[in-house]
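Accompanying notes for the structure given below.
The values are calculated or read from the model by the stated rules, or taken from the named source; none is laboratory data. Treat the numbers as computed from the prediction; the structure is a model and nothing was measured. Note that each Cβ is placed from the backbone with ideal geometry, even for glycine, and that neighbours are counted across all protein chains shown. To get the accessible areas, we keep the full protein, side chains included, count just its heavy atoms, and leave off ligands, DNA and RNA. Shrake-Rupley method; radii C 1.70, N 1.55, O 1.52, S 1.80 Å.
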Amino acid sequence: MAILELKGLDIAVENVKIVEDITFNINAGEVHLLMGPNGAGKSSLLKTIMGLTPYKVVNGSILLDGKNIIDSKPYERVKLGVTLAHQNPPKIRVRSKYLIEKVLEKQYGPHVTPNHVKELIEKFNVSHLLGRELYFGFSGGEVKRFELLTITLQKPKLALLDEPDSGVDLDSIKRVANTISELAKHDTAILLVTHTGNIVKYLEHIDKLHIMINGKLIYSGVPKILPELLEKGYEAIAIELGVKV
């Protein structure tokens, strides 16, 4: 059974439809790329899966482990194993260490131990951030590393990653890619949004590619056209696929 199933999903904001007829599945341990130009609807889709406002499902379904979660609140989706790494997460006036402590309070099972947490903090190079207020004064790379740390600690069923390769340096992109590969090895299903494709060559594997333009999928399948997409761009690929943009 798929971890995530999107079936004929239409999304609206204030009664204006912005995403139409999205259908695809993600299985455990798979890495799916969702690509498209700015304004294509990629981030809107991720936020809708997470249950955030003002995005409203007007048709279709979102299934997690076969259960329709459209009516579930965001915190309920978190409990079910869904996480979202924002492109630009909101700044919060709590210490970063406090967030880590709260994440750990919710964990169950033997995968989190004090030594494991210490190792991860060192691995993500965020120990110097623990005394700061969350995301205040963080560099782009520090934001991405801290978000990925919290996601790794949660050991999610589904990780939604919004532009993790945007605004960060090469070392951070490599670290992000390595983390994604590690999550996949532990059966996390991953939906990764990128419009630049900077992270692509550092990922160990990509199972599916989805291309979105103007709120619609113009391609959904194996990533065989990815090299051509990165070379020629979205408009050229759309023309080759016979899609009007």
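Okay, residues lined up against (1) hydrophobic (A, V, I, L, M, F, W, C); (2) touching a Gly at 6+ places or on another chain (Cβ under 6 Å):
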{"site": "Ala12", "(1), (2)": "yes, no"}
{"site": "Val16", "(1), (2)": "yes, no"}
{"site": "Glu30", "(1), (2)": "no, no"}
{"site": "Met35", "(1), (2)": "yes, no"}
{"site": "Gly41", "(1), (2)": "no, yes"}
{"site": "Leu45", "(1), (2)": "yes, no"}
{"site": "Leu52", "(1), (2)": "yes, no"}
{"site": "Gly66", "(1), (2)": "no, no"}
{"site": "Glu76", "(1), (2)": "no, no"}
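Here's the yes/no breakdown for (1) open to solvent by less than 50 Å² (accessible area, probe 1.4 Å); (2) free of Cβ contacts under 8 Å to residues at least 24 places away in the same chain:
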residue: Ala85; (1), (2): yes, no
residue: Pro114; (1), (2): no, yes
residue: Glu119; (1), (2): no, yes
residue: Phe124; (1), (2): yes, no
residue: Leu129; (1), (2): yes, no
residue: Arg132; (1), (2): no, no
residue: Gly141; (1), (2): yes, no
residue: Lys144; (1), (2): yes, no
residue: Leu158; (1), (2): yes, no
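Would you call Thr53 within 19 Å of the chain's Cα centre (by Cα) and either under 30 Å from His128 (Cβ atoms) or open to solvent by 40 Å² or more (accessible area, probe 1.4 Å) (or both)? So Thr53 fits the description; yes. Does Gly66 fit the bill of being buried (at least 17 other Cβ atoms within 10 Å of the Cβ) and farther than 19 Å from Val117 by Cβ? No: the conditions fail for Gly66.
Before we move on, is Ile22 open to solvent by less than 30 Å² (accessible area, probe 1.4 Å) and over 19 Å from Ala238 (Cα atoms)? It is false that Ile22 is open to solvent by less than 30 Å² (accessible area, probe 1.4 Å) and over 19 Å from Ala238 (Cα atoms). Of the residues making up segment 25-43, just one is buried (at least 19 other Cβ atoms within 10 Å of the Cβ) and either without any contact (Cβ under 8 Å) to a residue 24 or more places away in the chain or among the polar types (S, T, N, Q) (or both), namely Ser43.
From the list Thr196, Thr152, the one residue that fits, being surrounded by 21 or more Cβ atoms within 10 Å (Cβ to Cβ), touching an Asp or Glu at 6+ places or on another chain (Cβ under 8 Å) and at negative phi, is Thr152. In the set Leu52, Leu104, Leu45, only one residue is farther than 26 Å from Leu209 by Cβ and aliphatic (A, V, I, L, M); that residue is Leu104. Elements of the type helices (runs of 4 or more DSSP H) sitting completely within segment 73-175 and holding at least 3 residues that are modelled with pLDDT of 90 or more and more than 27 Å from Glu204 (Cβ to Cβ): these cover 74-79. The residues of segment 9-67 that are in a strand (DSSP E or B) and of a type in the set (Asp, Glu), listed by number, are Asp10, Glu20, Asp21. In a residue-by-residue description of segment 78-94, the property of being touching a His at 6+ places or on another chain (Cβ under 7 Å) and of a type in the set (S, T, N, Q) applies to no position. Residues of segment 219-229 include none that is crowded, with 18+ Cβ neighbours inside 10 Å, touching a strand residue (DSSP E or B) at 6+ places or on another chain (Cβ under 6 Å), at pLDDT 95 or above and among the polar types (S, T, N, Q). Take Leu241 and decide whether it is within 19 Å of Phe24 (Cβ to Cβ) and at pLDDT below 95. Yes: the conditions hold for Leu241. The condition (being within 23 Å of Thr194 (Cβ to Cβ), surrounded by 19 or more Cβ atoms within 10 Å (Cβ to Cβ) and touching a Phe, Trp or Tyr at 6+ places or on another chain (Cβ under 9 Å)) is satisfied by just one residue among Leu46, Leu4: Leu4.
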